[in-house]
Amino acid sequence: MVKTQLTMKRIEDYNKVLPVLEEMNERGIIQLRWVEATGAEKFSEFIYNKINDFVHEETEGRVRVTKVKFMEHGKNAAYYSE
C-alpha cells in the first residue's frame, strides 16, 4: 500500500484535483482521508483518537491507549494523551 500526503498550496490546485481524488476514493483506488490540521501535534491527537477507539472496540473495553508519540523526523516529535 502506498501512502501519500497531498498538501495544496493554492486553492486553484485544490479545486482542480479534488474531483479526481473523490472519484478515485469512490472507485476504491485510494482511501481519501480528511484531517483538520497537519502539524505533528494535531496528527498525534488524530492518531490517538482513531487508534484508541479501534483498540477499545477490538478488545471489548479491556485495553486502551494511554499515549501516542508521532515523529515527523529524528528531531521532532509530538505526544498526545488524555
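Please give the calculated 222 nm ellipticity per residue for the chain, where each DSSP H segment of at least 4 residues contributes -39500 (n - 2.57) and the sum is spread over every residue; nearest 500 deg cm²/dmol? Mean residue ellipticity at 222 nm (helix-derived): -14500 deg cm²/dmol. Dividing the convex hull volume of the alpha carbon atoms of the stretch 8-53 by its residue count gives 89 Å³ per residue.
A DSSP coil position with no more than 13 other Cβ atoms inside 10 Å describes the following chymotrypsin sites (Phe, Trp or Tyr not before Pro) in the stretch 8-82: TRP34.
Relative to the dominant Cα principal axis of the chain, helix 40-58 is inclined by about 60°.
Across the chain, Cα-Cα pairs farther apart than 23 Å form 41% of the total.
Laboratory data are not the source of any read-out in this text; all were calculated from the coordinates shown. Note that the coordinates shown come from a computational prediction; the quantities given were computed from them, not determined experimentally. Every residue, glycine among them, receives a Cβ derived from its backbone with ideal geometry; neighbour counts consider all protein chains shown.
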